[in-house]
Structures are given as structure tokens and as C-alpha cells.
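Since every read-out is calculated from the coordinates, none of them should be taken as a lab result. A quick note: this is a predicted structure, and the numbers were derived from the prediction, not measured. Positions of Cβ are backbone-derived with ideal geometry, glycine not excepted, and every protein chain shown enters the neighbour counts.
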Ligand SMILES: [Zn+2]
């Protein structure tokens, strides 16, 4: 994490060279979110009332983003900052410190944490990095359970309503409409995934426990020995044995994970590698949360054993 300590210095130098024209649209609430998921859910709540900028490029690993001077300037000028909480964004505090916007520093009043009320998985009993380098407050990849997206929306509504009470009714109306749409989709996804309950999977990173819990899959192991620690040959050999034992035929990776290790394990075990999405905008045809989750469900439908799809 040492590289993050240098960020404020890097930013303050870089900012000298950034044009001050990177401003938000006038007359709108200026919102910066950390991820494209939070940006999309916020958009559903505020509609056209806000100008929303997200920091993490969808195709990059959310844990290891390097915010740009433009991001710093956006945060500096923003009215609201909405983030994923926990240690999902290790770069969050350095970014806020570099921007120096007092509304957000130290969980300032205009900073909204969308993880509130989410029931966390894998919360360690003591603060420790022994279970991995980057999930020290519990698993932060909660948004890929669509049920948690509903909670995130409620957090956005209550945070924004406190800041803009005059718009609270409108935020609630928009949110309820979107939640209804999402709830209908969740019902469809649950139905389509139901035949595969109990299927075993292996993932590259521990990004999927919430997703797996929601749909009833069993992620038996990760290619990373611990979150954020690259695969080792010893660990991969153990994973291959587990996969053979459980007849596991699917390996999930994310777009930014290298392909060599999953490819090698797939060769060894006869499994298929499938790339699932964790950020809207990874592909042109998945610009928002619902299309992203639809893509993930469809990808899995295509690779799960065909016999199960008949039931
Ligand atoms: Zn992670």
C-alpha cells in the first residue's frame, strides 16, 4: 500500500498542470462516486438533477486504482462523495486528502457510505491482514448480490435526502421505481439460476461470495491464495486437486485478471474459464447495473452443464 502514501504529493504537482476547465455542469448537484456501479445506482435516484463523475475505470481492478489529477479536481469541486466503504478503495483516503474538500474528509457530512446495512460476509474477528492483504474489514464485493444493490440504493436515498431535503420525495419516487424494476429482474435471474443451485465454481479473486450466496453456488476456492496475493504453483496444484474432487468445471475471472493461470488450470481440469463483470461499462452493451448482472447470468447459463438447464 506504500505507493498510495505518495499520492498526495504526486497529485499536488500534477494539479498545477491540469486545466481548471474540468468543471461540472452548472445548476446540478455535483457528485463523485468511487465506482461505476455506485454512479449508475445514484443516477437512478437523482435522475438529471446531478452531474455524476466516477473515479474507477470499469476495466481496472477496483482495489488498485490510481486516481488522476482530474479525479482530484472533481472531488475538490464536488458537493457529494459516494463510496463503497470498508477497504474496497484503498486509494479513497489518499484521494480525499489530496482534494482537501472538508465536506468529505474524515467521513464528512457530504460523504455517503453505501455499505451501511449490508450484511457483510467474511468479517474477521480481529483486525488483521493475515487472511489477505485487502479484505481486512470483511469481504467488500457485496454489490454483485443484486439484493444488496437495493440496500445501496436506500443508503443513497437517505444520504442525499439529508443533504437535499427539498428533493427527498423525488429521490424516493425515483428509487422506488427503479427498485421495482430491479426486483422484477432479480426474480427472473433467480428463476434462471435455480437449476444450478449447489454447482461448484472456482474464482480468481474472492469477488463472488455474495453472488454465490444469493444464487446458491459453492465457490470452493480462489486461484489467489489470499485476496490480493498472486497465485503460487503450490496453491494452484491444491486448487486443481479440489476441482477434480468436486468435479468443478467453471473458473470465474474478472476482465483485469491475467488469463494464463486460469487457462492452465482449465487445461488441467477440463474446466471452462468465464469472465464475469463487476463494473458497469466494462463492455459497450453493459452500461448499467442491470445489464451487467444480466450479462453475468447469461454467461453462466451458457457454461453450466446442459443437463441441468432442462430441469
Ligand atoms: Zn477484493
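Cα-based Rg of the chain per 2.2 N^0.38 Å, rounded to two decimals?
Working: Rg = 20.2 Å, N = 311, 2.2 N^0.38 = 19.5 Å.
Taking N as the residue count of the chain, the ratio is 1.04.
Mind checking which of 291, 126, 66 has the largest fluctuation in a GNM of the chain, springs on alpha carbons under 10 Å?
In the Gaussian network model the winner is 126.
Calculate how steeply helix 233-246 sits against the longest principal axis of the alpha-carbon atoms of the chain, using the helix alpha-carbon long axis, and give the answer as 0 to 90 degrees to the nearest 10.
60 degrees
I'd like to compare 84-95, 267-278: which one has the highest average count of other Cβ atoms within 10 Å, and what's the full order after that?
Numbers: 84-95: 21.5, 267-278: 17.6.
Result, highest mean Cβ count within 10 Å first: 84-95, 267-278.
Remind me, what semi-axes does segment 54-116 give for its equivalent ellipsoid, largest first in whole Å, using sqrt of 5 times each Cα gyration tensor eigenvalue? Please report the intermediate quantities before stating the final value.
Values: eigenvalues 58, 42, 18 Å².
Over the Cα atoms of segment 54-116, the semi-axes work out to 17, 14, 10 Å.
Just subtract the alpha-carbon distance of residue 183 and residue 64 from 0.36 nm times their residue separation and send over the number in nm, one decimal. All intermediate terms of the calculation are to be shown ahead of the outcome.
Working: separation 119, 0.36 × 119 = 42.84 nm, distance 3.16 nm.
39.7 nm is the gain from fully extending residue 183 to residue 64.
Give the separation of the Cα centroids, segment 145-201 to segment 212-243, in Å.
With segment 145-201 and segment 212-243 each reduced to a Cα centre, they are spaced 29 Å.
Pairing the Cα long axis of helix 260-269 with the longest principal axis of the chain, what angle in degrees results, from 0 to 90 and rounded to the nearest 10?
30 degrees
Please give the peptides 112-121, 204-213, 188-197 ranked by average Cβ packing (other Cβ atoms within 10 Å per residue), highest first, as a rough proxy for protection. Could you put the intermediate results ahead of the total?
Numbers: 112-121: 18.3, 204-213: 22.1, 188-197: 15.3.
Ranked from most to least packed, the peptides come out as 204-213, 112-121, 188-197.
Please rank 251, 290, fewest neighbouring Cβ atoms within 10 Å first, as an exposure proxy. It would help to have the intermediate numbers written out before the result.
Values: 251 24, 290 21.
With the sparsest Cβ surroundings first, the list reads 290, 251.
Using a Gaussian network model on the chain with a 10 Å cutoff between Cα atoms, which of 147, 180, 222 fluctuates the most?
Most flexible of the set in this elastic network: 180.
If you take every DSSP beta bridge whose two residues both sit in the chain, what share of them, in percent to the nearest 5, is antiparallel? Intermediate results must be reported in sequence, preceding the final value.
Working: 1 of 23 bridges.
The answer is about 5 percent antiparallel.
Quick one: length gained pulling residue 247 to residue 166 fully straight, 0.36 nm per residue minus the C-alpha distance?
On the way: separation 81, 0.36 × 81 = 29.16 nm, distance 5.66 nm.
Here the segment from residue 247 to residue 166 would lengthen by 23.5 nm.
What's the exposure ranking of 170, 240, going from fewest to most Cβ atoms within 10 Å?
Values: 170 15, 240 19.
Listed from fewest to most nearby Cβ atoms, that is 170, 240.
What's the exposure ranking of 81, 217, going from fewest to most Cβ atoms within 10 Å?
Fewest to most other Cβ atoms nearby, the residues stand as 217, 81.
Specify the residue with the greatest mean-square fluctuation among 175, 238, 149, computed from a Gaussian network of the chain linking alpha-carbon atoms under 10 Å apart.
Taking springs between Cα atoms under 10 Å, the residue moving most is 238.
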